[in-house]
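Remarks on the structure that follows.
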Amino acid sequence: MEKMDEKKDEIMARIKEFQKAKGLSERKLSKSIGIDERAFNYYSRGREYPSKVLFNLLSVYKELSAEWLMRGSGEMYSDASAKDYESLLAENKTLLKTIDLLLSKHEDEK
């Protein structure tokens, strides 16, 4: 459980870093990804794993690197000139499946 909480905090810190890099307020970022500001605030406080935030961020901001967002490795922005959209989408879907598996395991542990 402690490891999952640490992971949530790390991911939310990267989301905040992305938000700052884009020059967006929390309200504008949450609105741009279709999540209610209160729900976004709930996630940002680490009360729940931010899977919906992650999915929506990666869907809306295609330049955002899923590898960086999830694991903190690589650059914040994908090199879109080196990869086509379909391969980026496949990469993001793979990471989102991993998130779902982790969430399922986390729920089973409760």
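At-a-glance table
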| item | result |
| --- | --- |
| Residues (farther than 17 Å from GLU10 by Cβ and at pLDDT 90 or above) located in region 60-76 | VAL60, TYR61 |
| Out of LYS31, LYS20, LYS16, sole residue that is of a type in the set (Lys, Arg), in a helix (DSSP H, G or I) and closer than 25 Å to HIS106 by Cβ | LYS16 |
| Extreme residue, farthest from THR94 (Cα to Cα), among residues of region 8-21 that are surrounded by 15 or more Cβ atoms within 10 Å (Cβ to Cβ) and free of Cβ contacts under 8 Å to residues at least 40 places away in the same chain | GLN19 |
| Condition broken by LYS83, with the remaining ones in (1) at pLDDT below 90; (2) touching a Lys or Arg at 6+ places or on another chain (Cβ under 8 Å) satisfied | (2) |
| Pairs, first without any contact (Cβ under 8 Å) to a residue 12 or more places away in the chain in region 91-110, second part of a loop (DSSP other than H, G, I, E, B) and not hydroxyl-bearing (Ser, Thr, Tyr), C-beta under 7 Å, six or more apart | none |
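The values are calculated or read from the model by the stated rules, or taken from the named source; none is laboratory data. Nothing here was measured: the structure is a model prediction, and the numbers come from that model. Here the Cβ is made from the backbone with ideal geometry for all residues, glycine too, and neighbour counts use every protein chain on show.
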